[in-house]
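As structure tokens, the structure follows; a few thoughts come after it.
The values are calculated or read from the model by the stated rules, or taken from the named source; none is laboratory data. Just so it is clear, the model here is predicted, and its values are computed rather than measured. In this analysis, Cβ positions are derived from the backbone assuming ideal geometry, glycine residues included, and neighbour counts consider all displayed protein chains. In case anyone asks, the SASA skips ligands and DNA or RNA and just uses the protein heavy atoms, side chains included. Shrake-Rupley method; radii C 1.70, N 1.55, O 1.52, S 1.80 Å.
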Amino acid sequence: MTKGILIAGTHSGVGKTTVSMGIMAALKHRQLKVQPYKVGPDYIDPSHHTAICGRSSRNLDTYMMGTEGVRQTVARTSADADIAVVEGVMGLFDGIDSTEIASSAHVAKTLDIPVILVINVHGMSRSAAALLKGYSEFDPEVRIAGVILNQVGSPRHVELVVNSLPGNIPVVGTIPRRKEIEVPSRHLGLYMAHEKDYNTAEMAAFIEENVDLDAVLDLAEPCSVPDFEEVPQIGADLRIGVAWDPAFCFYYRDMFDAFRDHGAEVVFFSPMEGEVPDVDGIYFGGGYPELYAEVLESSETTRKLKGLAADGLPIYAECGGLLYLCGTYEVDDRTYKLADVVPANTRMTNRLKALGYTEARPLDKNFSSHNIRGHEFHYSITECDRDAIFAYEMVRGKGIQDGFDGLREYNTLAGYMHSHPASFPVDKFVGKCREYKRR
């Protein structure tokens, strides 16, 4: 089994993303096959992992996928890798509500792999020992095998901190601040990988200089996952278009795998470029349509979508995809005309409107006989026509309006909820695409 390590932080903002990316770059620079992962419902960090490692980063989320889903994903995607590097989320023990579910600790326990804890020691010395003592003893089933001290100020600062720490947990890295190594942020998080030019050689050299990479490799242990048996792909008998460009870039790669497993060829296309693919269904993920609203308004894709939808083409859209399918989209006091597929208009605000995990009860049992789990994160408000029909009642989360989500129109379903194939009825969507193809 592939060995793995999880890079966690004491809390958000300690630098675990920068450290994780640097370690991935350094291991890749050593010619190792590095399989990256990200804990939680994050699209942005995985895009950086993928760019650095040359392998698709996968999300590991015990709320949306369950523990067995996490194990199966790691088994399926790491079988030919030399090492699996998992980047944590928030603080090590931060899960959904007051539980361990969906936390970095829960994933580490699920895979039975050790943790390297990143501590930002800016403005502290001996207090770091109290932090480490609390984190290492809080849950005995979580094995903190090493520590990386981030934002150290000087060799003297390193000495003060290291001399105060318990000797049973080795310090495997002391990292000074380097602003140019960090990835800048904006309202939805970090910038995506396609917006940053990577100097992976510089990142690798920086980590090699400040982290004992051999010690990190020695700490890694085999992931506790089932034996992987490759299942032969069934022949594709239909095509599903996936919108893929800077406006639509939030996707779980597992969804593409699920489409293929159900006999679909995945065809990527760019609405920003005005592409209209010859396909049997379309999937619009989230992203940053607000940054490209003017381009989308004049796109050939935008002009043709309503006709395709009215003809019955199955369309599934999440968050940014929902906004794109609305009639109008107000951004910075300007109103853009968009696809007009669903009976709603939307506008961006400067305040966060929804953030967190979701659970939706389908109102049509023919669509799904079980609840669907996902997450929502948006700054927009979508106002629906009075005769709007919804697909979900929210058990957890806000949705579009009055606790409902998933606008239905023609053969289109569009909502704020980002879903994962662990609970989304991929078979039903692909089945609708197959029906459309056979008409």
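Can you tell me which residues in the range 331-365 are basic (Lys, Arg), in contact (Cβ under 8 Å) with a residue 40 or more places away in the chain and in a loop (DSSP other than H, G, I, E, B)?
Within the range 331-365, Lys353 is the sole residue that qualifies.
Considering only residues of the range 137-168 that are in a helix (DSSP H, G or I) and among the polar types (S, T, N, Q), which is surrounded by the most Cβ atoms within 10 Å (Cβ to Cβ)?
Ser164
What residue, among those in the range 201-210 that are modelled with pLDDT under 90 and of a type in the set (A, V, I, L, M, F, W, C), is least open to solvent (accessible area, probe 1.4 Å)?
Ranking the candidates gives Met203 first.
Residues to consider are Thr17, Thr62; find the one that is part of a loop (DSSP other than H, G, I, E, B) and under 21 Å from Phe377 (Cα atoms).
Thr62
Looking at (1) open to solvent by less than 20 Å² (accessible area, probe 1.4 Å); (2) more than 19 Å from Lys428 (Cα to Cα), find the lone condition where Arg351 falls short.
Condition not satisfied by Arg351: (1).
Select from the range 12-51 the residues that are open to solvent by 10 Å² or more (accessible area, probe 1.4 Å) and of a type in the set (A, V, I, L, M) and write down the one among them that is farthest from the chain's Cα centre (by Cα).
Here the answer is Leu32.
Return yes or no: is Gly134 surrounded by fewer than 21 Cβ atoms within 10 Å (Cβ to Cβ) and outside any loop (DSSP other than H, G, I, E, B)?
Considered against the rule, which asks whether it is surrounded by fewer than 21 Cβ atoms within 10 Å (Cβ to Cβ) and outside any loop (DSSP other than H, G, I, E, B), Gly134 comes out as yes.
Of the residues in the range 64-109, how many are within 18 Å of Asp139 (Cβ to Cβ) and open to solvent by 10 Å² or more (accessible area, probe 1.4 Å)?
14
Looking at the range 268-276, can you tell me whether even one residue there is buried (at least 21 other Cβ atoms within 10 Å of the Cβ), within 24 Å of Leu313 (Cβ to Cβ) and at pLDDT 95 or above?
Checked against the condition, which is being buried (at least 21 other Cβ atoms within 10 Å of the Cβ), within 24 Å of Leu313 (Cβ to Cβ) and at pLDDT 95 or above, the range 268-276 yields at least one hit.
For the range 295-336, how many residues meet the condition of being under 29 Å from the mean Cα position of the chain (by Cα) and polar (S, T, N, Q)?
Total satisfying the criteria: 4.
Looking only at residues that are modelled with pLDDT of 70 or more and small (Gly, Ala, Ser) in the range 150-200, which one is nearest to Lys28 (Cα to Cα)?
Gly173
Residue by residue through the range 277-320, note down the ones that are farther than 20 Å from Ala236 by Cβ and in a loop (DSSP other than H, G, I, E, B).
Of everything in the range 277-320, those that are farther than 20 Å from Ala236 by Cβ and in a loop (DSSP other than H, G, I, E, B) turn out to be Gly285, Tyr288, Ser298, Ser299, Asp311, Gly312, Cys319.
Just need a number here: residues in the range 280-295 that are over 12 Å from Ala243 (Cα atoms) and surrounded by 22 or more Cβ atoms within 10 Å (Cβ to Cβ).
Here the count works out to 3.
Which pairs have Cβ atoms under 6 Å, sit 6 or more apart or on different chains, and link a residue in the range 258-273 that is of a type in the set (Phe, Trp, Tyr) to one that is outside any strand (DSSP E or B) and open to solvent by 20 Å² or more (accessible area, probe 1.4 Å)?
Matching pairs, first to second residue: Phe268/Trp244; Phe269/Glu275; Phe269/Pro277.
What strands (runs of 3 or more DSSP E) completely inside the range 366-439 contain at least 3 residues that are surrounded by fewer than 19 Cβ atoms within 10 Å (Cβ to Cβ)?
389-396
Which residues, taken from the range 19-38, are of a type in the set (S, T, N, Q) and touching a strand residue (DSSP E or B) at 6+ places or on another chain (Cβ under 8 Å)?
Passing the criteria: Ser20, Gln35.
Which ones in the range 205-238 are of a type in the set (Asp, Glu) and either touching a residue at least 40 places away in the same chain (Cβ under 8 Å) or assigned to a loop (DSSP other than H, G, I, E, B) (or both)?
The answer is Glu208, Asp212, Glu221, Asp227, Glu229, Glu230, Asp237.
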